[in-house]
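Notes follow once the structure below has been shown.
Just so you know, all these numbers are worked out from the coordinates, no wet-lab data involved. For clarity, every value in this text was computed on a predicted model and none was experimentally measured. Here the Cβ positions follow ideal geometry from the backbone for every residue, glycine too, while neighbour counts run over all protein chains shown.
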Amino acid sequence: GQNIDQPTEMTATEGAIVQINCTYQTSGFNGLFWYQQHAGEAPTFLSYNVLDGLEEKGRFSSFLSRSKGYSYLLLKELQMKDSASYLCAVRDYGGSQGNLIFGKGTKLSVKP
Amino acid sequence: EAGVAQSPRYKIIEKRQSVAFWCNPISGHATLYWYQQILGQGPKLLIQFQNNGVVDDSQLPKDRFSAERLKGVDSTLKIQPAKLEDSAVYLCASSLDLKLNEQFFGPGTRLTVL
């Protein structure tokens, strides 16, 4: 079966660092994505990992371990505007290409 | 560059009524996706088009949902008849091609079925 797990909610302080974990079990794997979704808005692309290791993009970094079925999104120097849901998604080729399977999302609240 | 356009943004209907949503993808994007996002959950793929052909509709409830992309550009998603559990945000996304990484999402249509 297909399963993607991430914590439901997290709280962190402005200026701090937060790590959002994601574990997955899928029938196929061809990449892991992180999206940011502010309340009432569409998801926006943050990062993509297909090989093991860390991808850094400004304040955001994403890590992947394919052998462990594990990824995390690291947010540094948190700002109030980072309060949003963060969605982990796996591209599982299976019988179709480009199909993303999303987790339920982690709602991050950044406090002053 | 214009983003993915969707309309309407909000729709309220009663159960057993019909409803249609429209999506215009980013110009030149061959692949178009419709997702259903129920409150508190991640988006779930309903149907995926490559140009005007269906690539994957395995999770589309075909007894009540239909979608088309006749000219390979804009697309409509229809629900007929609607049920209470169809209340959700319907997101349209597009990407340049099947194999490229980034999907661009539209603002969504929030459907409430009473």
Pairs of alpha-carbon atoms within less than 8 angstrom and 6+ residues apart define the contacts here; what relative contact order does the stretch A:1-106 have, in percent? 34 percent
In the structure shown, of A:K57/A:K111; A:K111/B:K44; A:K68/B:K62; A:K81/B:K44; A:K76/B:K11, the pairs separated by more than 28 angstrom at the C-alpha atoms are A:K111/B:K44; A:K68/B:K62; A:K76/B:K11
May I ask you to evaluate 6.51 cos²θ - 1.76 cosθ + 1.60, the Karplus curve with θ = phi - 60°, for each residue of the stretch A:8-14 and list the ³J(HN,Hα) values in order in whole Hz, giving x for glycine and proline? 6, 9, 9, 10, 8, 9, 3
Evaluate the relative contact order of chain B (contact order divided by residue number), counting alpha-carbon pairs under 8 angstrom at least 6 apart; express in whole percent. 37 percent
Please list, by residue number, every one of the trypsin sites (Lys or Arg not before Pro) in the stretch A:11-74 that is coil in DSSP and has at most 12 other beta-carbon atoms within 10 Å. A:K68
DSSP-loop GluC sites (Glu not before Pro) across the stretch B:44-114, with at most 16 other Cβ within 10 angstrom: B:E102
Within the P(r) computed for the protein assembly as shown, what percentage of the Cα pairs occupies the region above 28 Å? 30 percent
If you take every DSSP beta bridge whose two residues both sit in chain A, what share of them, in percent to the nearest 5, is antiparallel? 90 percent
